[in-house]
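Enquirer: Got a structure here, written out as structure tokens. Questions coming.
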């Protein structure tokens, strides 16, 4: 099953036009009363159908070649293994369980082989690919920016603020308030 998954992955990656056509036909086929497949579901269905067709037709020599590291199979071998993809027999429960277990193992293996930059959604370390002189220039620029911001902030905080001049209305209100306070104190 592991050999079929690897072979199927390589086959689907190398034949993108054929894959797109098959996915479109899978998405178009829907029985009445059933929901239509979206693209991701169609890709998953095509992948599993192709793996099961391979599993049904693959021989021991081809398994050894694939597990030995053969990236591509010959056209004759490939057409023999992947015949009847869309009309393959329905897999047994044991085959489905084996398929799910091997897919999980294969995904784990692929994740372990990936570098941090290859992982989906990974940012990696910023500046890892910079040369030493570029890193130094970057750090100097950041420190200079922080120093300028700090100096500006300090200047703003220590700057003397001019006293506000009161309007005539506010001066009258202040005089009245002071007069009331004087009356209360007496």
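Enquirer: Hey, can you tell me all the residues within segment 142-173 that are at pLDDT below 90 and surrounded by 10 or more Cβ atoms within 10 Å (Cβ to Cβ)?
Expert: 166, 170, 171
Enquirer: Continuing with this model, one more query. Failed condition for residue 79, given (1) in a helix (DSSP H, G or I); (2) over 13 Å from residue 11 (Cα atoms), with all others met?
Expert: Status for residue 79: all satisfied but (2).
Enquirer: Looking at segment 64-91 only, could you name the residues that are surrounded by 10 or more Cβ atoms within 10 Å (Cβ to Cβ) and within 15 Å of residue 1 (Cα to Cα)?
Expert: Once the filter is applied, which keeps residues that are surrounded by 10 or more Cβ atoms within 10 Å (Cβ to Cβ) and within 15 Å of residue 1 (Cα to Cα), segment 64-91 yields 64, 65, 66, 67, 81, 82, 91.
Enquirer: In segment 26-60, how many are at pLDDT below 80 and part of a helix (DSSP H, G or I)?
Expert: Adding up the residues that qualify gives 4.
Enquirer: Let me ask another. Considering (1) more than 21 Å from residue 77 (Cβ to Cβ); (2) crowded, with 16+ Cβ neighbours inside 10 Å, say which one residue 53 fails and leave the rest.
Expert: (1)
Enquirer: OK, next. Only one of these is out of contact with any strand residue (DSSP E or B) (no Cβ under 7 Å at 6 or more places or on another chain), within 21 Å of residue 81 (Cβ to Cβ) and surrounded by 12 or more Cβ atoms within 10 Å (Cβ to Cβ): 45, 61. Name it.
Expert: When all the criteria are applied, what remains is 45.
Enquirer: State all residues of segment 66-84 that are in contact (Cβ under 8 Å) with a residue 60 or more places away in the chain and over 28 Å from the mean Cα position of the chain (by Cα); if no residue qualifies, say none.
Expert: 66, 67, 73, 78, 81, 82
Enquirer: Hey, another quick one. What number goes with the only condition from (1) more than 37 Å from the chain's Cα centre (by Cα); (2) part of a helix (DSSP H, G or I) that residue 139 does not pass?
Expert: Failed condition: (1).
Enquirer: Let me ask something additional. Can you tell me which residue within segment 13-24, out of those that are without any contact (Cβ under 8 Å) to a residue 24 or more places away in the chain and part of a helix (DSSP H, G or I), is surrounded by the fewest Cβ atoms within 10 Å (Cβ to Cβ)?
Expert: Filtering segment 13-24 for residues that are without any contact (Cβ under 8 Å) to a residue 24 or more places away in the chain and part of a helix (DSSP H, G or I), the one surrounded by the fewest Cβ atoms within 10 Å (Cβ to Cβ) comes out as 17.
The values are calculated or read from the model by the stated rules, or taken from the named source; none is laboratory data. None of these values were measured; they are calculated from a predicted model. Cβ coordinates were reconstructed from backbone atoms using ideal geometry, including for glycine residues, and neighbour counts include every protein chain displayed.
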